[in-house]
Amino acid sequence: MSEEKSDKPPAGHRGMATRAVHTGERKPRQEFIPIATPIYSSASFVYEKLETIDEIFGGARSGFTYARHDNPTTTALEEAVAELEQADFALASASGMASLHLSLLAAEAGPGQRVLAARDIYGVTYKLLLEVFARQGVEVHFANFQDAAERQRELAEFRPNVVLLESISNPLLRVPDLPAIARETQEAGARLIVDNTFATPVLLRPTEFGADFVVHSATKYFGGHGDLIGGLTAAREEFRAVIKGYSKLIGPVIGPFEAWLVLRGLKTLPLRIERHCANASRVAEWLGGHPRIARVHFPGRPDHPDHEIAARLFPPGMFGGLVAFEIRDATRDDVFRFVNALKVCVKATSLGDVQSLVLYPVISSHRDMAPALRKRLGITDGLLRLSVGIEDAEDIIADLGQALQKQ
Ligand SMILES: *Cc1c(COP(=O)(O)O)cnc(C)c1O
């Protein structure tokens with residue numbers, strides 16, 4: 001007698017579909033603690049009693065309910081970044097641009113308000129200010145922050161309520177006098193946003209000088225391995241509710257996988273930065289002695305215009321992992337030949353990865369800039385930016401050397 005086939009579960013059991021959906025889930029496994037925070041890929045979080053969720057939504061207690069508000073993996077990352085940046089809290093988001101956007105909103109860059117930004121900020125930040133904020137009625141001015149008189153005049157006459165700058169600029173690696181700028185901004189009653197992506201908290205913690213918001217593209221040194229897009233804002237307690245509120249409403253949250261990768265990257269950040277800095281110093285010194293190189297831009301060199309500021313602000317012997325240099329009398333064709341001949345250094349738009357990455361500003365970050373302005377800023381056709389990786393310095397130098405012979 002053959003057994004009759006049936007979709008019906010045995011008595012007392014739930015159906016196949018119900019079991020597929022629920023079995024194994026939502027069991028508190030509290031007898032151990034994972035050594036590394038897991039990836040909480042969960043949209044919502046449940047509790048034994050509805051009363052608990054009611055208390056969380058009502059603000060009577062903290063807890064996780066919905067991942068656009070909070071996610072345990074992201075919270076672990078935020079706690080780590082707040083600690084490194086010596087800030088009261090940090091908020092992660094889906095990209096550096098989202099973190100800048102949220103910070104500007106939280107700093108009250110709204111209609112009728114005024115933002116003063118450094119002239120040499122990241123190109124996309126420049127566009128964010130002009131194409132999103134200025135269009136919504138924010139007045140935006142740019143100034144050369146390396147010129148104290150120009151900066152102070154703008155602060156006095158334009159009377160911004162938000163000041164925005166980068167702690168190391170791109171691509172000429174200028175280092176603003178952050179303690180002086182923070183003091184002047186405070187005296188002017190404005191809020192200060194510092195994009196600390198290039199310096200990282202290993203070199204500089206802007207909150208120590210009174211910055212209100214510290215922003216990072218976690219895509220760069222925080223992640224460090226070129227495998228994610230993410231951003232962070234670290235700030236003072238008074239801005240927690242307002243920036244969190246904007247994040248919940250707009251929803252540019254980082255995914256738990258990316259948050260986990262950044263958290264993992266942070267564990268080796270000081271080690272990597274130490275190596276990036278040491279390698280960059282060696283590469284800059286070698287480039288400085290090469291007959292085909294007209295100029296090296298590196299804050300660690302005594303001929304850099306901000307060498308004294310960098311030496312005062314950064315830990316001894318550390319000047320960042322970026323080096324810019326100009327190939328002597330190079331045309332675009334020469335630069336293309338040089339870059340195409342590189343074998344260790346990778347042609348990529350990013351920075352801060354373990355690999356050495358080379359960028360040609362004239363065709364990428366500064367492509368849309370008027371040639372006359374580019375020239376005035378010193379971004380010539382022969383200028384390249386190298387994000388020095390953590391490879392063996394001799395191999396990076398040998399790679400640059402063989403490529404320079406080819407053009
Ligand atoms: C890359 C970068 C950004 C933007 O970050 P994304 O993660 O690409 O959105 C902002 N500021 C600086 C200085 C950057 O290098």
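Read the figures in this text as sums done on the coordinates, not as results from a lab. These figures come from a predicted structure and were not determined experimentally. Every residue, glycine among them, receives a Cβ derived from its backbone with ideal geometry; neighbour counts consider all protein chains shown.
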Would you kindly state how much longer the chain becomes between residue 268 and residue 241 on full extension, computed as 0.36 nm times their sequence separation minus their alpha carbon distance, in nm to one decimal?
6.7 nm
Overall Cα dimensions of the stretch 157-224, principal axis frame, Å, largest first:
39, 23, 17
Report the antiparallel proportion of the DSSP beta bridges in the chain as a percent, rounded to a multiple of 5.
55 percent
Ranked from highest to lowest mean number of other Cβ atoms within 10 Å per residue, what is the order of the peptides 253-259, 333-339?
253-259, 333-339
At R0 = 35 Å, FRET efficiency that the Cβ-Cβ distance of residue 43 and residue 395 yields, to 0.05
0.20
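Compute the Kirkwood hydrodynamic radius of the chain, taking the inverse of the mean of 1/r over all pairs of distinct Cα atoms, and give it in Å to one decimal.
Numbers: mean 1/r = 0.0430 Å⁻¹.
Mean inverse Cα-Cα distance, inverted, gives 23.2 Å.
Sorted by mean Cβ packing within 10 Å, highest first, what order do the peptides 8-14, 122-128 take? Let's see the in-between values first.
On the way: 8-14: 8.4, 122-128: 17.7.
In descending order of packing, they fall as 122-128, 8-14.
May I ask you to list the GluC sites (Glu not before Pro) in the stretch 1-85 that are in a DSSP loop and have at most 10 other Cβ atoms within 10 Å of their Cβ?
Values: sites: 3, 4, 25, 31, 48, 51, 55, 78, 79, 83, 85; in loops: 3, 4, 25, 31, 48, 85.
Counting only loop positions with at most 10 other Cβ atoms within 10 Å, the GluC sites (Glu not before Pro) in the stretch 1-85 are 3, 4, 25, 31, 48.
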How far, in nm, would the chain grow between residue 31 and residue 18 when pulled straight, counting 0.36 nm per residue and subtracting the alpha carbon separation?
1.9 nm
Whole-number D in µm² s⁻¹ for the stretch 1-85, Kirkwood Cα-pair radius fed into Stokes-Einstein, 4 °C, 1.567 mPa s
78 µm²/s
Build a GNM of the chain with springs between Cα atoms under 10 Å: which of 202, 132, 194 gets the top mean-square fluctuation?
132
For residue 226, residues with placed amide H under 5 Å, excluding near neighbours:
354
How many Å³ per residue does the convex hull of the Cα positions in the stretch 355-407 occupy?
86 Å³
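Sorting check: for 383-389, 241-247, which peptide has the highest mean count of neighbouring beta carbons within 10 Å, and how do the rest follow? Kindly include the intermediate steps, with their values, before the conclusion.
Working: 383-389: 24.7, 241-247: 16.6.
Listed from highest to lowest mean packing, they are 383-389, 241-247.
Taking the stretch 90-145, which GluC sites (Glu not before Pro) meet the DSSP loop condition and have no more than 15 other C-beta atoms within 10 Å? Could you put the intermediate results ahead of the total?
Numbers: sites: 108, 131, 139; in loops: 108.
Sites meeting the loop and neighbour criteria: 108.
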On a 0 to 90° scale, report how tilted helix 332-341 is relative to the longest principal axis of the chain, with both axes built from alpha carbons and the result rounded to the nearest 10.
50 degrees
Sort largest first and round to whole Å: the equivalent ellipsoid semi-axes of the stretch 285-339, each the square root of five times a Cα gyration tensor eigenvalue.
26, 10, 9
Check which residues have an amide H placed less than 5 Å from residue 144's amide H, if you skip close sequence neighbours.
119
Distance in nm between pseudo-label sites at residue 340 and residue 328 (7 Å out along the Cβ direction from Cα):
2.4 nm
Loop-located trypsin sites (Lys or Arg not before Pro) in the stretch 34-98, at most 13 other Cβ atoms within 10 Å (DSSP):
49, 61
The stretch 250-317, Cα convex hull volume normalised per residue, Å³:
166 Å³
Rh (Kirkwood; distinct C-alpha pairs) - the stretch 1-159, Å:
21.2 Å
Quick one: if you stick a label point 7 Å off each Cα along the C-beta vector at residue 159 and residue 307, how many nm between them?
4.2 nm
Compare the Cα positions of 252, 233, 321 along the charge dipole of the stretch 202-361 (+1 at Cβ of Lys, Arg; -1 at Cβ of Asp, Glu; about the Cα centre) and return the one farthest towards the positive end.
252
If I build a Gaussian network model for the chain, linking alpha-carbon pairs within less than 10 angstrom, which residue out of 60, 20, 98 has the largest mean-square fluctuation?
20
Is the C-alpha gyration tensor of the stretch 58-131 telling us rounded, prolate or oblate? Criteria: a/c under 1.5 is rounded; beyond that, a/b larger than b/c is prolate, otherwise oblate.
prolate
Set the Förster radius R0 to 60 Å, insert the Cβ-Cβ distance between residue 148 and residue 8 as r into 1/(1 + (r/R0)^6), and round the FRET efficiency to 0.05.
0.15
For the stretch 199-213, just list the computed ³J(HN,Hα) in residue order, Karplus coefficients 6.51, -1.76 and 1.60, θ = phi - 60°, integers in Hz, with x standing in for Gly and Pro.
7, 6, x, 5, 8, 7, 10, x, 5, 4, 9, x, 4, 7, 10
